[in-house]
Amino acid sequence: MNAYVSKVLEGLKARNAHESEYIQAATEIMESIAPVFDKHPEYEKAGLLDRFVEPERVIMFRVPWVDRDGNIKVNRGYRVQYNSAIGPYKGGIRLHPSVNLSILKFLGFEQVLKNSLTGLPIGGGKGGSDFDPKGKTDAEIMAFCQSFITELYRHIGADVDVPAGDIGTGAREIGYMYGQYKRITGVYEGVLTGKGLTYGGSLGRKQATGYGLCYFVKNMVEANGKSVEGKTILVSGSGNVAIYACEKITEMGGKVVAMSDSNGYIYDAEGIKLDVVKQIKEVERGRIKEYAERVPGSVYTEGCKGIWTIPCDIALPCATQNELDGDAAKTLVANGCFAVGEGANMPSTLEATEVFLKNDVLFAPGKAANAGGVATSALEMSQNSMRLSWSFEEVDEKLKGIMKGIFTKCAEAAAEYGDKPTNYVIGANIAGFLKVADAMMAQGCV
Ligand code: NDP
Ligand code: 2IT
């Protein structure tokens, strides 16, 4: 590996020794982009990588709120403003008990490259809290969201930093956050995306990550002489990304036979009935095991990782980071899986990714394959700025074009720099990096 890249990576590991997810993401990214530094010695002179790996700013704050029994609760809130070379910081807010700085830095780092790949003018950031929305009343969710924004509002803005949804943050949470931002600032602006359709949201945003994933996967498998039609598919998770990935891949002729949540997975040999999943997850906020109670012939199994033992042609991990490890990857390969599309951020461990690449499984890395969500967020920002709303079809057509463009960039960079033309991991990292690098070089030592 390029000596400068290697030195910066070692320094990053030493300085952030306890941040395993951050080190994992940084290792993959930096190993991938090393060949660029062989070609561009001026990058080292400009200390480009030293600057690139360090977030511009990390904000950490107290989030006090009152629960239904009048008890005071305190959570920790964060916003990692990673890189603004190509546009205002942009990225979701994760609400999950596991949230910590390591996870948000990995997500923020990935987001910088992902947002660059979209071709749209958005920098990268990520935020969240260790607040657990599960089992909370609407009033508790609102109390938390209002408190969260009461601190965060001073750090965000339509031209500064535009947060959105992620795990645990959907339309309800974005609505409460938006209302509080407007109340404090008195400004009606596109400061958050994923808003409701009555107050500035974009048609198609809800579907965008899952649909975009399927558009990317279709481009990828067809470019390699294969197809989605008639294939057996696993979709992990049953949240926003998983539901709309299942919807689109089914429309494309695939058959989804399993979905999951953090407790377990359901198997339905007849093909998942998505209206039942939507009712349980979107309307009732229930658990996936209820599917098996409602659909005769389907089976629920406790433990979410078992989903990868089901034979399939295509796997779409859409739940969370590191949900698919080396052993799961080997099982998928042994069962004949020929393509993997990451709907989640970093769902495959480094070992799993290596297994897929070694075995010539077509592998669509998250930062490319799930970029349709943030791309459509950027389209929401455009509509807010213009004070116009596009039709669903208009947004969806743009999304299709963007995902095709991302696949082409990944394939071209893989062909130029990769060990093989189908190494889309290298392709995505390099294609995403080059634009940010160029902008950072042009803007001087900042
Ligand atoms: P949701 O909160 O809507 O759904 C998350 C799903 O993943 C749920 O089924 C949840 O199960 C499961 N899950 C969450 N944490 C874990 C865990 N620790 N172990 C096992 N399962 C878990 O989130 P999204 O669908 O929005 O996000 C899913 C993934 O997609 C995340 O990695 C996110 O970063 C990524 N992503 C999201 C985008 C978006 O637009 N929303 C855009 C791009 C990427 P349970 O209900 O049991 O918690
Ligand atoms: O990981 C992601 O890309 C998201 N959670 C969506 C971010 C956004 O700003 O829409």
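The values are calculated or read from the model by the stated rules, or taken from the named source; none is laboratory data. Treat the numbers as computed from the prediction; the structure is a model and nothing was measured. Because the Cβ atoms are built from the backbone with ideal geometry, glycine has one as well, and the counts that use them run over all protein chains shown. Protein only, heavy atoms only, side chains kept; ligands, DNA and RNA dropped before computing areas. Shrake-Rupley method; radii C 1.70, N 1.55, O 1.52, S 1.80 Å.
Structure values in brief
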quantity	calculated
Positive-end residue, the chain charge dipole about Cα centroid, Cβ charges, pick of G253, G373, A334	G373
Given charges at beta-carbon only (K, R positive; D, E negative), |dipole| of the range 354-446 in Debye	120 debye
Rg/Rh ratio calculated on Cα atoms of the range 269-337 (Kirkwood radius)	0.99
Cα-based convex hull volume of the range 165-255 per residue, rounded to whole Å³	98 Å³
Portion, in percent, of the accessible area of the chain that falls on carbon or sulfur, probe 1.4 Å	51 percent
Coarse-grained scattering of the range 28-129 at q = 0.16 Å⁻¹, given as base-10 log I(q)/I(0) from a Debye sum over alpha-carbon atoms	-0.75
Net +/- balance of residues flanking G124 in space, Cβ distance below 9 Å, scoring K and R +1, D and E -1	+2
Lys/Arg +1, Asp/Glu -1 at C-beta; the chain dipole; positive extreme among I314, G444, G230	G444
Isotropically averaged projected area of the range 99-193, using the convex hull of Cα atoms (one quarter of hull area), nm²	6.2 nm²
Rounded, prolate or oblate (a/c below 1.5 giving rounded, otherwise prolate when a/b exceeds b/c) for the range 343-446 by Cα gyration tensor	oblate
The chain: C-alpha pair distances exceeding 32 Å, %	34 percent
Peptides 48-54, 197-203 ordered by average Cβ neighbours within 10 Å, highest first	48-54, 197-203
Mean accessible surface per residue for the range 106-205, computed with a 1.4 Å probe while every protein chain stays in place, in Å²	33 Å²
Filtered trypsin sites (Lys or Arg not before Pro), the range 367-407: DSSP coil and at most 16 other beta carbons within 10 Å	R387
Dipole moment magnitude, nearest 20 debye, the range 260-320 about Cα centre, only Lys, Arg, Asp, Glu C-beta charged	160 debye
Formal net charge of residues neighbouring G432 (Cβ-Cβ distance under 11 Å; K, R +1; D, E -1)	+3
Structure-based [θ]222 nm, the chain - -39500 (n - 2.57) summed over DSSP H runs of at least 4, per residue, nearest 500	-15000 deg cm²/dmol
